Amino acid sequence: MHKRNFAGFAKAVSLSFLFACIALTAATAETLSVVADPVQSHVYFSTRDNVHAIQGSFRVKDGNFILDPAAHTISGAMSVDVPTGQSGSHMRDGKMQSDVLESGKFPVATFTANGFEGELARVGDSHVRVHGTLRIHGSDHPMVLDFSVHIEGGNLTAHTSFPMPYIDWGMKDMSNFMFHMEKNVQIDVDLKGHIQAQK
């Protein structure tokens, strides 16, 4: 190969490599928007006393997040409509709302995300650990939540669960002389929504 032809070939290869690097950098630097669907998203709770297993749910109010997978940054929040919490017992739910959650004073619980660990796949399954703060009953509580995530066709589903020590967090113990409640409530979050590249 002549020197002139070789120099032209080398230059073309170098430019191709440079453009590939630029394209790869742009792709990995892409930010993603996640918008929760409140109708399909749910927050479940479960606990028990010395006689009954208690299960119930809350409605999701809204949820919006912005992620940068390359930088492992996330901002945004998901809010829960506290007065919608119900377990199927009108008397028990009334006490939970008025005495424990005090939902008249604190009608919204919000998880605000500020970072995550792990690799988020653009398609398929991922496991990520999300750092943030849960504000409930007027107090902030740092949290690290393990999420299993599935993304397909622009749709996202995510699940996490954690024990909430509601008494240690300043809420009233629901126990009485007949029924002795567990000190933790198990929370399960099923989030469904849409994910897309931010423009």
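A straight line joining the Cα centroids of the range 129-166 and the range 40-118 runs 10 Å. If I model the range 31-197 as equal point scatterers sitting on the Cα atoms and use the Debye formula, what is log10 I(q)/I(0) at q = 0.13, 0.16, 0.17 Å⁻¹? Evaluating at q = 0.13, 0.16, 0.17 Å⁻¹ gives log10 I(q)/I(0) of -0.64, -0.91, -1.01. Taking 0.36 nm per residue of separation and subtracting the Cα-Cα distance, full extension of the segment from Gln186 to His159 would add 8.4 nm. Spin-label pair Trp169-Asp37: with each label point 7 Å from Cα along the Cα-Cβ axis, the two points sit 2.7 nm from one another.
Where a number appears in this text, it was derived from the coordinates with a stated rule and is not lab data. What you see is a predicted model; the values in this text were computed from it and never measured. Quick reminder, even Gly has a Cβ in these numbers, built from the backbone with ideal geometry, and neighbours come from all protein chains shown.
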